[in-house]
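Written out below as structure tokens is the structure these notes cover.
We did not get these values from a lab; they are worked out from the coordinates using the rules stated. The structure presented is a predicted model; accordingly, all values stated were derived computationally and were not measured. Please note: Cβ atoms are built from the backbone with ideal geometry, for glycine as well, and neighbour counts cover all protein chains shown.
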Amino acid sequence: MRAGRHIAAVTDVSFELAPGECLALVGESGCGKSVLAGALLGLLPGNAELRGSARLRGGGDGSGGGSADAGGDVGGDGSGDVELIGADEHTLAASVRGRRVGLVPQSPAAHLTPVRTVRSQLEETVRELTGARRPASHDAAVAAAERAAFPADHLDRYPHELSGGLAQRAATALALVGDAPLLLADEPTTGLDRDLVDHTVDELRRHTGDGRALLLITHDLAAAERIADRVAVMYAGRIVEVADAEAFFGTPGPRHPYAHGLLNALPERAFAPIPGLPPELGNLPEGCAFAPRCPVVRATPSDACAVVPELADGTACHHPLTPERAEVPAPRLRTGAADGVPSAPGGSGASAGSSAPRGGGRR
Ligand SMILES: Nc1ncnc2c1ncn2[C@@H]1O[C@H](COP(=O)(O)OP(=O)(O)OP(=O)(O)O)[C@@H](O)[C@H]1O
Ligand code: NI
């Protein structure tokens, strides 16, 4: 709610995330990705209203994992199921954050304590989450830093002495300490160059190798292609497509015209931005929120789009693209490029798995 107005930042979102699986949540700036992550961890401002269910499943089967449903599912560590939506602050602070759900926050600077060095924050987190004391806590802190490619000779620096990229890596290291069954990484690669992006997402992916789950929120479709098993595309607060990553990035490709447009905007593909801008969430059009920008609607106007399409069979569209009809009328307008369109697709590990949980990483 802003200035007395209600904003439906996230609506009707439903997905499952299994142990060992990486789901990439992609979409333009402001579409509700961070609000969704914040809702799962009770990190939204006090005036936020939440409805629905996000169950974090207890593991207890020795797999070290569990699963999450929002309407999401999340991994457990031997403790029981937890309902995250509406959970009290004590439960979230004492048993969920860091222990069962690790968060790589979108604004690391805001999550690091300004008056303490990175080393002391890492060691404290190790002590808090594992009970380890020196020298074990010291070693665990150094190991966590290394996993996140945080340079050991910067461990005694304060957050204000770090570049944005290093602060990001410090925050990633903190999130990895608890070995939580679910990791939420909200734009974990902002400000990193390509090699470090690859290193960071590979490290996050490695985290799923032990039956843990990863929700990767990103603008970077190349990062998503590199490590995700499945992709969920958000637009204006709703998930408009959920697909197997291999099918999404390869053949037959995305089925929702928006998702198709996102991929087409990549320099390595058509380099054709989606014309127009996403709607303001406080001022959504009637019916399908993408219709005003939709090339299919422009070519073939349809009354069906006056109704919000439900997510069915992996896509929320009244006229999804089919393999036979994979070509949408190509927009040639160069104005209003999609904000937050990712940099480049794919490094090596570009193939993605099925939606079945994977036991190991994808490298
Ligand atoms: N505290 C808040 N009060 C009011 N509106 C908010 C608040 N937080 C987020 N919003 C609105 O909710 C919408 C979704 O924001 P969110 O941060 O989830 O987007 P995002 O998809 O994570 O974008 P980005 O890629 O830029 O991080 C935005 O339109 C934003 O303006
Ligand atoms: Ni965000």
Fill in: Cβ crowding within 10 Å averaged over residues, with 177-183, 6-12, 129-135, 284-290 ranked highest first
177-183, 284-290, 6-12, 129-135
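Which of rounded, prolate, oblate describes the stretch 140-192, given a ≥ b ≥ c as roots of the alpha-carbon gyration tensor eigenvalues and a/c under 1.5 marking rounded, otherwise prolate only if a/b is larger than b/c?
Details: a/c = 2.24, a/b = 1.23, b/c = 1.81.
Taking the square roots of the gyration eigenvalues as a ≥ b ≥ c, the stretch 140-192 is oblate.
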Item to complete: Output ³J(HN,Hα) for the stretch 21-34: one whole-Hz value per residue in order, computed from phi by the Karplus curve 6.51 cos²θ - 1.76 cosθ + 1.60 with θ = phi - 60°, and x for Gly and Pro.
Response: 10, 10, 10, 9, 9, 10, x, 5, 3, x, 7, x, 5, 6
Discussion item. Can you tell me how the stretch 193-235 classifies by the Cα gyration tensor, rounded, prolate or oblate, using a/c under 1.5 as the rounded cut?
Written reply: oblate
Item to complete: Would you mind working out the magnitude of the charge dipole of the stretch 18-228 relative to its Cα centre, with +1 at each Lys and Arg C-beta and -1 at each Asp and Glu C-beta, to the nearest 20 Debye?
Response: 320 debye
Item to complete: Round to a whole angstrom and tell me the spacing of the C-alpha centers of the stretch 241-262 and the stretch 175-237.
Response: 18 Å
Discussion item. Can you tell me how the stretch 18-228 classifies by the Cα gyration tensor, rounded, prolate or oblate, using a/c under 1.5 as the rounded cut?
Written reply: rounded
Worksheet item: Which order do peptides 296-305, 242-251 fall in by mean Cβ count within 10 Å, highest first?
Response: 242-251, 296-305
Worksheet, complete the sentence: Sorting 265, 323, 288 by the position of each Cα along the dipole of the stretch 259-325 (Lys, Arg +1; Asp, Glu -1; all at Cβ), the one nearest the positive end of that ordering is 265
